[in-house]
Ligand SMILES: [Zn+2]
């Protein structure tokens, strides 16, 4: 007898099957095509599919001195609302996570207030000694200035001494300084430099939010097995034209011309990770030029809508937001397998709804997709065997825990 049995359609090995998942003590104990008995049974109805809990490897949850923009509490509520069961927190906070003391403070904050499970990061800039002491789940390096302004002056040195997998924001400092609009060359040059270092050092590197045709081509051509990369939904679905019509869409790296967007889709099957780069700001900060778009509560729905339009498969979402994040970042306790955490994202592919930022849990109550009608919605989120979100309502208290990360293999 299991604590909980989840019955319905689920994806396994790329195929949709009807069956039951037996859960006890928050772990998956059995995945079966037959009937299982549980103290509690949740029957997932027709038209809905049980996906493994989706993971967003790139979110900015602010907090600390920027509680007006977002807190760990509101940001992780937004995550479970959007169907994300694990978030990777970025360290360019105010103050930034550059030392052990700030890392410990961040850790304590997540332990108290996170609604989703989480990975903790550490910002590297000539401080590898502290990075080793902190022992984060992943490390972040900015090659050029972004929100927070802290960037590495010696990328190769910082990357070579990082004690684990590095996520890099690749935009070239010099080009940015001369061209504040951040042309494609800023990203392309930085990506090439990062690839050169990766080829030489042969250690795990994840290139964040790739947005240019030449950028993605360079990565794919080099094809280094220890290098992964992310693409955001906004770079997949929006272009510079959208930004020209709406200054709120300022983001780093910026929205690009159609040819870049097309290149991302042409290589869609080879994109390892989709991540939101959720970057909440207040309306006042946006007005004074802050870069970033909130994304946690729209990303999965946008991808489901695209499934309905024949642009991708449901299994692509699982691959890029569950299977690959688990593999690349070496997450030991996640995966749709016996013994792993019972995290699930239940989606209704047929549900039609309209994006209303007023209904968001993030403090950034605006969206590039405001008013957009989407077909496909996250209806239930389960974290370690408990329903934490159902039909837009957050049901439990914060109970997110830190992931069990290996070293990451990219
Ligand atoms: Zn970011």
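Where a number appears in this text, it was derived from the coordinates with a stated rule and is not lab data. The shown structure was predicted, so the numbers you read here are calculated from the model rather than taken from an experiment. Neighbour counts are summed over all protein chains in view; Cβ atoms, including those assigned to glycine, are modelled from backbone coordinates with ideal geometry.
Provide Rg over Rh for the chain; use the alpha carbon set for both Rg and the Kirkwood Rh (inverse mean inverse pair distance).
0.95
DSSP beta bridges in the stretch 1-108, what fraction antiparallel, as a percent rounded to 5?
Percentage antiparallel, nearest 5: 60.
What Kirkwood hydrodynamic radius do you get for the stretch 41-134 when you take the inverse of the mean 1/r over all pairs of distinct Cα atoms, in Å?
Final number for the Kirkwood radius of the stretch 41-134 is 14.4 Å.
Any idea what angle helix 299-308 forms with the longest principal axis of the chain, computed on alpha-carbon atoms, 0 to 90 degrees, nearest 10?
70 degrees
Taking the chain as the reference, fit the longest principal axis to its C-alpha atoms, fit the long axis of helix 184-201 to the helix C-alpha atoms, and give the angle between the two in degrees, 0 to 90, nearest 10.
80 degrees
So if R0 is 41 Å, what FRET efficiency would residue 244 and residue 39 give, r being the distance between their Cβ atoms, rounded to the nearest 0.05?
With R0 = 41 Å, the Cβ-Cβ based efficiency is 0.15.
With axes computed from alpha carbons, what is the tilt in degrees of helix 100-113 against the longest principal axis of the chain, rounded to the nearest 10 within 0 to 90?
The answer is roughly 30 degrees.
Take the alpha carbon atoms of the stretch 1-42, find their center, do the same for the stretch 336-393, and report the distance between the two centers in whole angstrom.
20 Å
Does the stretch 169-271 come out rounded, prolate or oblate by the C-alpha gyration tensor, with a ≥ b ≥ c the root eigenvalues, rounded set by a/c under 1.5 and, if not, prolate when a/b is larger than b/c and oblate if not?
oblate
Evaluate the stretch 356-405: find the radius of gyration of its Cα atoms, find its Kirkwood radius, and give the ratio Rg to Rh.
Answer for the stretch 356-405: 1.04.
Could you work out [θ]222 nm for the chain from helices alone, using -39500 (n - 2.57) per DSSP H run of at least four and dividing by all its residues? Round to the nearest 500 deg cm²/dmol.
Dividing the helical sum by the residues of the chain leaves -8000 deg cm²/dmol.
Based on DSSP, what percent of beta bridges with both residues in the chain are antiparallel, to the nearest 5?
Beta bridges within the chain, antiparallel portion: roughly 55 percent.
For the stretch 149-175 and the stretch 219-244, compute the distance between their C-alpha centroids and round to whole Å.
18 Å
Would the stretch 243-314 count as rounded, prolate or oblate if I go by the C-alpha gyration tensor, calling it rounded below 1.5 in a/c and otherwise prolate when a/b exceeds b/c, oblate otherwise?
In terms of gyration-tensor shape, prolate.
Find the relative contact order for the stretch 279-385 and round it to a whole percent, using C-alpha pairs within less than 8 Å whose residues are 6+ positions apart.
32 percent
First check a/c for the stretch 312-391, with a ≥ b ≥ c the square roots of the eigenvalues of its C-alpha gyration tensor; if it is under 1.5, answer rounded, and if not, answer prolate when a/b is larger than b/c or oblate otherwise.
Prolate shape, in that a/c is at least 1.5 and a/b is the bigger ratio.
Extension gain residue 181-residue 101, at 0.36 nm per residue separation less the Cα-Cα distance, in nm?
Extra length from residue 181 to residue 101 when fully extended: 25.3 nm.
Please work out the C-alpha center-to-center distance from the stretch 64-88 to the stretch 267-306 and express it in whole Å.
Rounded to whole Å, the Cα centres lie 13 Å apart.
If you stretched the chain out fully between residue 32 and residue 309, how much longer would it get, using 0.36 nm times the residue separation minus the C-alpha to C-alpha distance?
Full extension of this stretch gives 96.6 nm more.
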